[in-house]
Amino acid sequence: MSETQISKSNTFLTFLGCLGAFLVFVLIIFIAYLPNRPERVDAQVYATRQVKADESRAAGIQKLTNYELIDAETGTVRIPIEDAISLTIASYNSGEGLFAPTEAPLLEIESVSVEELKLPIEDSVAATEAPFDIETAEAE
């Protein structure tokens with residue numbers, strides 16, 4: 001009777017053989033396919049879109065980072081966003097401008113306890129009845 005035993009060296013050599021075969025396969029794919037990749041069919045369209053996207057991005061950055069006179073009559077100007085943020089924070093902290101307290105509160109709320117707040121209870125049978133009584137007249 002012969003007993004077969006799998007030794008640790010056989011398992012290790014099998015693993016190395018599988019790993020080597022996989023690496024050879026990846027190398028063949030790399031050599032054969034990647035350098036010979038065909039040019040994109042829509043390469044011109046892609047390039048045009050990329051140029052337009054870059055121009056749009058540059059225009060947006062320019063609007064966010066530069067000063068510009070919008071309307072001379074009303075005195076409207078565009079300021080860099082960092083300056084706008086710091087001016088808004090300074091105005092908020094000082095309580096001036098848009099954040100100045102008003103003379104009278106816009107809304108006064110009274111405190112009401114839950115016991116004082118009573119909601120009417122509707123009859124569920126009355127709610128299921130039709131809200132309109134429509135009579136149809138026969139045309140003579």
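The values are calculated or read from the model by the stated rules, or taken from the named source; none is laboratory data. Remember, predicted model here, so these are calculated numbers, not experimental data. FYI the Cβ positions are ideal-geometry reconstructions off the backbone, even for glycines, and counts take in every protein chain you see.
Summed over the range 35-84, the residues that are surrounded by 10 or more Cβ atoms within 10 Å (Cβ to Cβ) and in contact with a Lys or Arg (Cβ under 7 Å, 6 or more places away or on another chain) give a count of 4. Applying the criterion of being hydroxyl-bearing (S, T, Y) and part of a helix (DSSP H, G or I) to the residues of the range 1-32, the residue that is modelled with the lowest pLDDT is S9. Given the criterion at pLDDT 65 or above and closer than 24 Å to Q62 by Cα, identify the matching residue among E110, E82, E103, E96. Sole residue among the options that is at pLDDT 65 or above and closer than 24 Å to Q62 by Cα: E82.
Residue pairs whose Cβ atoms lie under 6 Å apart, sitting 6 or more positions apart in sequence or on different chains, and linking a residue in the range 52-71 that is touching a residue at least 12 places away in the same chain (Cβ under 8 Å) and in a helix (DSSP H, G or I) to a partner that is surrounded by 10 or more Cβ atoms within 10 Å (Cβ to Cβ) and not basic (K, R), are L64/I81; T65/P80.
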